[in-house]
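Have a look at the structure below, then the notes.
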Amino acid sequence: TITWEPEHATWQDALGSGAIEPPDLLFAPNAGVAAYPAWKNAIFVAALARVTIATSEYCEWSVEMEVDTYKMVLQQAQQSGYDVATASPNRFLNPFRNPGQRPFPWNLAPNLSNGFCTILDFAEDPDP
């Protein structure tokens with residue numbers, strides 16, 4: 001079920017107010033996790049609520065920065081005494097990406113539209 005909650009600025013606010021249940025998944029194509037500071041709170045709340053995060057990025061380098069952001073947010077939360085879930089990011093090349101590198105001659109690093117994906121599965125039980 002997809003829920004629209006217009007009374008709250010973010011899903012984290014709606015979750016905190018009890019207006020919605022924790023989602024099963026946060027999906028964000030071309031998310032820019034490391035570039036946008038608002039992601040830090042979303043990662044923190046997802047770890048508290050054990051919500052899986054799935055993202056895609058344009059650049060392979062962005063995925064590396066994203067993984068560093070995940071680690072930093074979770075480490076800070078744990079050091080502050082929060083009982084947050086931990087997870088190891090699973091990185092992979094999107095099999096449904098657009099073919100070929102994006103046409104930016106000034107950026108010759110691996111660069112594909114929705115090409116690089118990460119899944120951070122907080123819902124996964126580490127002790128089956």
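Summary table below
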| read-out | value |
| --- | --- |
| HN-Hα J in Hz across the range 6-12 - Karplus 6.51, -1.76, 1.60, θ = phi - 60°, x for Gly and Pro | x, 6, 10, 5, 9, 5, 5 |
| Simple Cβ-charge dipole of the range 1-99, Lys/Arg +1 and Asp/Glu -1, about Cα centre, in debye nearest 20 | 220 |
| Electrostatic dipole magnitude of the range 42-102 [Cβ: Lys, Arg +1; Asp, Glu -1; Cα centre; debye, to 20] | 160 |
| Interchain or long-range residues, amide H under 5 Å from THR86's placed H | none |
| Under Karplus coefficients 6.51, -1.76 and 1.60, residue-wise ³J(HN,Hα) of the range 83-95 in Hz, glycine/proline x | 8, 9, 6, 10, 7, 9, x, 9, 9, 7, 7, 5, x |
| Cleavage-rule hits, GluC sites (Glu not before Pro), the range 1-86, DSSP coil, Cβ neighbours within 10 Å at most 11 | GLU7 |
| Amide H contacts under 5 Å for PHE116, placed H, 5+ residues apart | GLU57, ASN94 |
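Read-outs: derived from the displayed coordinates by stated rules, not from any lab. What you see is a predicted model; the values in this text were computed from it and never measured. Heads up, the Cβs are rebuilt from the backbone with ideal geometry, glycines too, and the neighbour counts pull from every protein chain shown.
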